[in-house]
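Okay, so here's the structure we're looking at.
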Amino acid sequence: MLVSKYCDHLPLYRQSRIFARDGVDLDRSALAGWVGKATALLEPLAEAIRCHVLEGQALFADDAPVKLLAPGTGKTATGRVWTYERDERPWKGEAPPAAWYRFSADRKAAHPKAHLEGFAGWMHSDGYAGLGALARAGPVREVACLAHVRRKFFDVHAAHGSAIAAEALERIAALYAIEKEVRGQPPENHASIRRARAEPRLDELERWLQSQLPRISAKIPLAAVIRHALTRLKRLRPYIEHGFLEIDNNPAERAMRPIALGRKNYLFMGSASGGSAAAIAYTLIETARLNDVDPQAWLDHIPDYKINRIDELLPWNTAPVADREADD
C-alpha cells in the first residue's frame, strides 16, 4: 500500500477501488489509518536515515509546495515537503546515498533551521532566502546551483530569443562539459582540474555578464536574470576548491520528482499528520531507490528485525530478499 501510493503515485481511493474489484472491501479511511500506523512504526528507520544524511560533509537541499486540506474551510492551504540528500557517488565516496524528507505547514525559514540542527557542512541549494539565511547564520555553508542559473537564461532565450542569453547558455555548457569529464574521479582530481580549467571560465563568465548589464535596459527580464546570476555565481565558487562539492543541486531536484508526480494524483494532503507520514514513506522509498533496492521487497521483511537492529535494516546493509533466501 505504501509503495503503491508513494512510489507508484496511486492514491488511496484508487487502491480502494482496485481492492473492491477483487471483492475486498477496504474503505479509503481504513487505508489512511494503515498509512499512519505503518509510517509511525517505520519512523525509527527514517530517523536512522536522517542521521546518516546529516553525518555527511555536504548535502543537497530543496523544497516543493503541496496542497494541505484546511479543515472547516472547504479550501486548501500550501504546505511544503523538504528534502535533504547525501550523494557521494559522483566522486566515488564510500557512503551510500540517502534522501531524508520532512513536511511543514508553511515555508518559514525556521523549518530548515530545525531540520539541519547539528549539521556542520556544505549545503547545495537553489537560492531560497530561508536556506541562504541559515547558511549565513551558522555552521552550514552554502553552495549555489548553476542549473538554477542556467534555467533562468533558458527561459529568457525561449521567450525572447535573446542572443545574450544564448551565449550565456554556451558558456555555462562549457563548465558542465568539464564536470562530465571529472565525474567518477577522486575529490582531489575534481579540485585540481576545476582550478585549472573551470575557474578561468567562471571568472570570464562573471566579467562578461557584468559587461552586458550597461548595454541593456534595467527593466527587462534579462537584466534581472543577469543580476541574479552574478549573485549566485559568487556563491558557487566553493565547488572549485572542494572536490566533494557539485556544480548544481540536481540530486535534490530529482528527489523532488516523486512529490511532483504524487501531487498530480492525490491533489492534496488531508492533514499535517498525513504530510508527516508521507515524508517518512518518501524517505524510505527514495533511499531504497537510490541504492537500487526494490522498496517493496525491502519493506516486506522488516518484521524479521528487532528495533535494536535498525542499522542492519538500512537498505545498503540489506541483501535483496532472493539473495537472503539463497544464502539460507
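Pairs LYS75/LYS264; LYS5/LYS75; LYS5/LYS113; LYS92/LYS264; LYS92/LYS180: which are spaced more than 25 Å apart, C-alpha to C-alpha?
Beyond 25 Å: LYS5/LYS113; LYS92/LYS264.
Hey, any idea what Rg/Rh is for the chain, computing Rh the Kirkwood way over Cα pairs?
Ratio of gyration radius to Kirkwood radius for the chain: 1.02.
Taking the Cβ-Cβ separation of ALA196 and LYS75 as r and a Förster radius of 56 Å, what is the calculated FRET efficiency to the nearest 0.05?
After rounding to 0.05, the efficiency reads 0.50.
Would you mind calculating the gained length between ALA224 and ALA20 on full extension (0.36 nm times residue separation, minus the Cα-Cα distance), in nm to one decimal? If you can, show how the numbers build up before the last one.
Details: separation 204, 0.36 × 204 = 73.44 nm, distance 5.44 nm.
Stretched out fully, the ALA224 to ALA20 stretch lengthens by 68.0 nm.
Binning every alpha carbon pair distance of region 259-311 at 5 Å from zero, what are the percents per bin?
Percent of pairs per bin, in order: 4, 15, 19, 24, 19, 11, 6, 1.
Could you work out how far the C-alpha centroid of region 194-225 sits from that of region 242-266, in angstrom?
If we compute the Cα centre of each part, the gap is 27 Å.
Can you put GLU88, GLU47 in order of accessible area, largest first, using a 1.4 Å probe?
Putting GLU88, GLU47 in descending order of accessible area: GLU47, GLU88.
Please give the contour-minus-distance gain from ALA158 to ALA129: 0.36 nm per residue of separation, less the Cα-Cα distance, rounded to one decimal in nm.
Net length gain for the segment: 7.8 nm.
From the protein chains alone at 1.4 Å, what is the descending order of accessible area for ARG86, ARG21, ARG195, largest first?
Per-residue accessible area, sorted high to low, gives ARG21, ARG195, ARG86.
For ASN308 and ARG136, calculate 0.36 nm times their separation in residues minus their Cα-Cα distance, and state this gained length in nm to one decimal.
Net length gain for the segment: 58.1 nm.
Would you tell me the accessible area of ASP292, worked out with a 1.4 angstrom probe on the heavy atoms of the protein chains, in Å² to the nearest 10?
Roughly 140 Å² of ASP292 is accessible to a 1.4 Å probe.
The values are calculated or read from the model by the stated rules, or taken from the named source; none is laboratory data. Because the structure is a prediction, the values reported are computed rather than measured. No Cβ is skipped: glycine too gets one built from the backbone with ideal geometry, and neighbour counts run over all protein chains shown. Each accessible area value is taken on the protein alone, full model and side chains, heavy atoms only, with ligands, DNA and RNA left out. Shrake-Rupley method; radii C 1.70, N 1.55, O 1.52, S 1.80 Å.
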